[in-house]
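One structure, pasted below without further comment.
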Amino acid sequence: MDRTACFWVDEELEGERLDAYLADQVEELSRSLLKSLIADGKVTVNGRIKKASYRVRGGEEIKVVIPAAQEVPILPQNLPLEIFYQDKDLAVINKAKGMVVHPAHGNWEGTMVNALLHHIKDLSGINGELRPGIVHRLDKDTSGVMVVAKNDAAHRELAEQTRTHTINREYIALVHGSFTENLGTIEAPIGRSKYDRKKMAVVAEGRPSTSEYKVLERFSRYTLLQIKLLTGRTHQIRVHFSYIQHPVVGDPLYGPSKRHLGLDSQALHAHLLGFKHPASGAYMEFRSPLPEYFQEVLTRLRQQASP
């Protein structure tokens, strides 16, 4: 039996072609098959059939009728999952470094969604079978706090807060180089790289993107920052700080090829998440302590700096 996957477009992906957007969202299907589904009217945007070249907009609902032959069962797995908080509407998760958020081609097990299906039985289905309850994402090697929706009404409300940038998100990052100032703002538009589809970049036609930062601690060759996102573009922190020549330490995609401090992935942690509860409207805020590997790196740097 065919199944229907439903997606709500994040503002950070606004402006992408419909076929390109779906290629990222429905990774178990080939781009050519997705184009065929679009041409056959199996894809709708807010209930209307669109061409593959249509540019998606934030908040739009996209439905895809996926042929039964392509269905991949996503199974619950009893994986470690730290749940900070949950009620009938949502759950707040402390995602571990190295855990992929949702299944995709070649990676159907061991994800946060597999763990969620085991630990939480009532997840929103608004993002389809591959991404139940997922309101926003963190990169595989970015640790920290995330919110997950347990019903569609909560999902829509949290997605709207994400779209309008009313969710408070702060990160801790260790970056290369020194800063003379203690506070700063980066305003640079981000879009898909013209040279590598797997990468984002600062491009003139990109979406407006703003990151604020505060220096927490200085070392001889590195700086520890607290970063607040005023927009939520894909890889925003990693792209912005690479753009100003202060890439995140360990970043394999946007940083230097030479390994620093023994890190093979970015030293980036989502330490604070604040939002209005989708049902009560009450403001809620959650903090995640730095993971052990991050603390060990900082301890070594402090020891090197001490006389």
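Nothing in this text is a laboratory measurement; each read-out follows from the coordinates by a stated rule. Since this is a predicted model, take the numbers as computed values, not measurements. Cβ: placed from backbone, ideal geometry, glycine included. Neighbour counts: every protein chain shown.
With label points built 7 Å along Cα→Cβ from the Cα atoms of residue 259 and residue 215, find their separation and express it in nm.
Here the answer is 3.0 nm between the modelled labels.
In this model, which of 51/194; 42/198; 140/258; 140/199; 63/276 are farther than 18 Å apart at the alpha-carbon?
51/194; 42/198; 140/258; 63/276
In whole Å, what is the distance between the alpha-carbon centres of the range 232-294 and the range 1-46?
Comparing the Cα centres of the range 232-294 and the range 1-46, I get a distance of 28 Å.
What is the distance in Å between the Cα centroid of the range 138-177 and that of the range 182-217?
When both Cα centres are located, 17 Å separates them.
Let me check the size of the range 109-164 from its C-alpha atoms; what are the radius of gyration and Dmax in Å?
Cα radius of gyration and Dmax of the range 109-164 are 11.1, 33 Å respectively.
A further question on this structure: Got a sec? How would 268, 225, 33 order by Cβ neighbour count within 10 Å, fewest to most?
Lowest to highest Cβ neighbour count: 33, 225, 268.
Around residue 257, with a cut-off of 12 angstrom between Cβ atoms, what is the net charge of the other residues, counting Lys and Arg +1 and Asp and Glu -1?
Every neighbour counted, the sum reads 0.
Next question, about the same structure. Which residue, 213, 225, 203, has the largest displacement toward the positive end of the dipole of the range 185-241 when charges sit on each Cβ (Lys, Arg +1; Asp, Glu -1)?
With unit charges placed on the Cβ atoms, the residue in question is 203.
Where does the chain land at 222 nm, in deg cm²/dmol rounded to the nearest 500, when only DSSP H runs of n ≥ 4 count, each adding -39500 (n - 2.57), divided by all residues?
Using -39500 (n - 2.57) per qualifying helix, the result is -5500 deg cm²/dmol.
Of 240, 4, 269, which is farthest towards the positive pole of the chain's charge dipole, taken about the Cα centre with +1 and -1 on the beta-carbons of Lys, Arg and Asp, Glu respectively?
240
Using the number of other C-beta atoms within 10 angstrom as an exposure proxy, rank 212, 285, 157 with the fewest first.
So the ranking, lowest neighbour count to highest, is 285, 212, 157.
Assign unit charges at the C-beta atoms only (+1 for Lys and Arg, -1 for Asp and Glu), then state the dipole size of the chain relative to its Cα centre in Debye, rounded to the nearest 20.
Taking the Cα centre of the chain as origin, the dipole is about 640 debye.
Classify the chain as rounded, prolate or oblate, taking a ≥ b ≥ c as the square roots of the eigenvalues of its Cα gyration tensor: rounded when a/c is under 1.5, otherwise prolate if a/b is larger than b/c and oblate if not.
The shape class here is prolate.
Within the set of other residues whose C-beta is less than 13 Å from the C-beta of residue 85, count the net charge using Lys and Arg as +1 and Asp and Glu as -1.
Here the charged neighbours net out to -1.
Any idea what the dipole of the range 243-299 comes to, in debye rounded to 20, about its Cα centre with Lys/Arg Cβ at +1 and Asp/Glu Cβ at -1?
Charge dipole of the range 243-299: 140 debye, to the nearest 20.
May I pose another question? Using the Cβ atoms and a cut-off under 11 Å, what net charge is assigned to the surroundings of residue 305, where Lys and Arg are +1 and Asp and Glu are -1?
+3
Sort 89, 264, 152 by Cβ crowding within 10 Å, fewest neighbours at the top.
264, 152, 89
Next question. What is the magnitude of the charge dipole of the range 98-231 about its Cα centre, with +1 placed on the Cβ of each Lys and Arg, -1 on the Cβ of each Asp and Glu, and no other charges, expressed in debye to the nearest 20?
For this selection, approximately 280 debye.
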